[in-house]
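Have a look at the structure below, then the notes.
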Amino acid sequence: MGFQSLAFLLFLTLTETLCPLAKNRRTGVVLLMLASAVFYTWGLGEHALEGLGILLVGGVLTFGAARYWLFGQRESRRRAALFLAAAWHIAVLLAFKYLGFFTGGAVSPGWAPLGLSFFTFQQLWFLKEIRTGELPPAALKRIDGDTFTLFSLFFPTVSSGPILRPGAFFPQAQGEKFLRPDWDDRAAGLYAIAFGMAKKVLLADALGAVVNDGYQHLDQLTAPAAWLVILGYTLQLYFDFSGYCDIAAGAARLLGIRLPANFDSPYRSLSVGEFWKRWHITLTTFLRECLYFPLGGSRRGRIRTYGNILLVFLISGFWHGAGWTFLAWGLLHGLAQVGERAAGARLTRLPAALRWTGTFLFVNLAWVFFRSPSLTAAGTVLRAAFIGGVGLPPWLTEGLLSSEAEALNVLGLGGRAGFLLLAAVYLVALTAALKPGNTIRRMETFRPTFGRCAVCCVLLVWATLSFSGVATFIYANF
C-alpha cells in the first residue's frame, strides 16, 4: 500500500482510531503489529505473503540470536549466534537483489520483498548494538517477541525507512505515550502528513514528469533541457524521499512514536561531507557506526582512511541498486570525500558561496548516474548538458500537472501554460529545498493555529485530488 493513496488515509484513520482502544500495551502492540502486516501485504500482488514470510523468518532468527546472547552459556557460541543471524540477512539480501547482477542475469529470483534493504540494515543494527553493549542485557530482557516484530514491520518505516535505531525505538514502544499521543503530537503528525503529501504529489511527481520526458528523448536533449532534467531529478529525489519520511514521521507521531530526522536541508551543504550529514541521515549513521568504525575509521593512517571511505560509499551505492550506475555514483561521492579530506583547511578558506556552488553542482551531476538506466545514458545526458544545442523542446512539459495545465488553458494561455507551470514548479521547489530547517524539527515546536490548519487542509485536499496517476515512491525500489 502506498502512502499516496486514499486507501492509506483510510487505513491510517482506522489504525489510529482502533489501536489506542486496546486495554493494555501488549494488546496495543499486537493490534499495531497486525495492522503493519496488513499494510505490507495490501496491494503487493502475488509475492506479498512470500515477502512478509521472508521478513518474519529473518526477524525470528534475529530475535532468537538475541535471546541466546542473553541466556547462552559459552561466549563463543553466543557470538556465533549473532554472526549466523547477520550472515543470514546478508545472504538473503544478496540472493534477492544481487544474484542477477553477479550472474549476468542467468540466475535471478525476479522479485524482492518490499523494503528488504531497509529491513536488513535495521536487523543488522539491532545485532550490532547487542554485540557492542549499546543495547544492554537489562534493556534486551524487556523486549518481547511482539514488540520486536513491531520494530521489524512498523508500517510507517517498513518499505522505505528511515532506518530505526533499536535503542531509540524500544523505549518509546514501552513508554507511556505509546498509542496515547497528546493533542500537540496529533497536530504535529497531521501537519507532517499534509506537507509530506504535498512534497510528493505536487512537487516530486511534477518534477518527475519533466525528468521522465527528458530520459524518453535522450537523443533530442538540448543543453537547457538537459540542465532542467538534471536539476529536476535532484529536486524530485529530495521531495520524493523527504516527503515519504515526513508522512512516516506524521503517521508514527499519531501513534506515539517519534522517528529520527532523515533530512536536514541537504542542498544547503558547503561540502560533500556535510551533504552526507544532512542527507539520508539514518543510512549515513548506520554506515558510519556499523561499517566505517569497525573497519578502523580514520584511526589507522591516511591511506587506510581513504580506502575505508571509498569502500563505505561503494557499498552505499551498491545497497541502492545492483548496477554499474549505482557503483559509479557511490564511487564519485567516495572520491569527493577523499578529495575534501586531502584538501583539509584549504577548502574551508574558500568563500562560502563558491563552496556551496561547487557542492551543489557536484551533487547534481552525480545524481545523473543514480537516475540513468545505464552508463551510456548518463554520458548522453552529461554530454548534452555541456555541448548540446539551445532552446526548450515542447515535449519537456508533457504530463506536467496536467489538470492544472488544462485549467490554465481555459484561461486562454494556450501553449504557454506548460512552461509557466514549469517555471513555477522549479521556483517553488528550489525555494523549499534551500530553505533552512526541516519538517521533523518543526514538528517539535508546531502549534496549531487557524492559518496553519487552513494551509494544511488546502495542501492535503489538493494532493488527494491529484492522487490519480501518482508514481510510487522512488526509495520503495531500494
Using the Kirkwood radius over Cα pairs, work out the Stokes-Einstein diffusion coefficient for the range 6-175 at 20 °C and 1.002 mPa s, in µm²/s as a whole number. 126
Check: the range 185-477 dipole with +1 on Lys, Arg Cβ and -1 on Asp, Glu Cβ, in debye: 1360
Thr376-Arg180 pseudo-label distance in nm [points 7 Å out on the Cα-to-Cβ vector]: 6.3
For the range 1-43, radius of gyration divided by Kirkwood radius, i.e. Rg to Rh on alpha-carbons: 1.01
Zone residues, the range 250-276, relative to Phe362, backbone N less than 15 Å from point 7 Å out along Cα-to-Cβ: 267-276
Using a Förster distance of 41 Å, how high is the FRET efficiency between Arg383 and Leu465, based on the Cβ-Cβ distance and rounded to 0.05? 0.55
If you take the alpha carbon radius of gyration of the range 185-477 and divide it by 2.2 N^0.38 Å, what ratio comes out, to two decimals? 1.06
I'd like the FRET efficiency for Ala138 and Thr17, computed as 1/(1 + (r/R0)^6) with the beta carbon distance as r and R0 of 41 Å, rounded to 0.05. 0.75
Looking at the chain, do any whole DSSP H helices span at least 20 angstrom along their long axis by alpha carbon and average -1.0 or above on Kyte-Doolittle, and which? 25-41, 48-71, 75-97, 116-132, 183-197, 223-253, 302-320, 324-343, 352-371, 416-434, 450-465
Hey, could you pull the Cα Rg and Dmax for the range 148-275, both in Å? 18.0, 59
Shape call for the range 219-332 from the C-alpha gyration tensor, a ≥ b ≥ c root eigenvalues: rounded (a/c under 1.5), prolate (a/b greater than b/c) or oblate? oblate
Could you list Asp240, Asp182, Asp264 so that the one with the fewest beta carbons within 10 Å of its beta carbon is first and the one with the most is last? Asp182, Asp264, Asp240
Straight-line reach from Lys23: which aspartates and glutamates have Cα under 14 Å away, leaving out those fewer than 8 places along the same chain? Glu176
Can you work out the FRET efficiency for the pair Phe419 and Ala352, with r the C-beta to C-beta distance and R0 = 22 Å, to the nearest 0.05? 0.10
Calculated [θ] (222 nm, deg cm²/dmol) that DSSP helices of n ≥ 4 give over the chain, each run adding -39,500 (n - 2.57): -21500 deg cm²/dmol
Mean shadow area (nm²) of the C-alpha convex hull around the range 118-204 is 6.8
Can you give the convex hull volume of the alpha carbon atoms of the range 79-126 per residue, in Å³? 71
For a 27 Å ceiling on Cα separation, which of these pairs sit above it: Lys97/Lys177; Lys128/Lys277; Lys177/Lys277; Lys141/Lys177; Lys97/Lys435; Lys128/Lys435? Lys97/Lys177; Lys177/Lys277; Lys97/Lys435; Lys128/Lys435
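The numbers here are math on the coordinates, done by the rules we state, and not lab data. Just so it is clear, the model here is predicted, and its values are computed rather than measured. With ideal geometry, Cβ positions are generated from the backbone for all residues, glycine too; neighbour counts draw on all protein chains shown.
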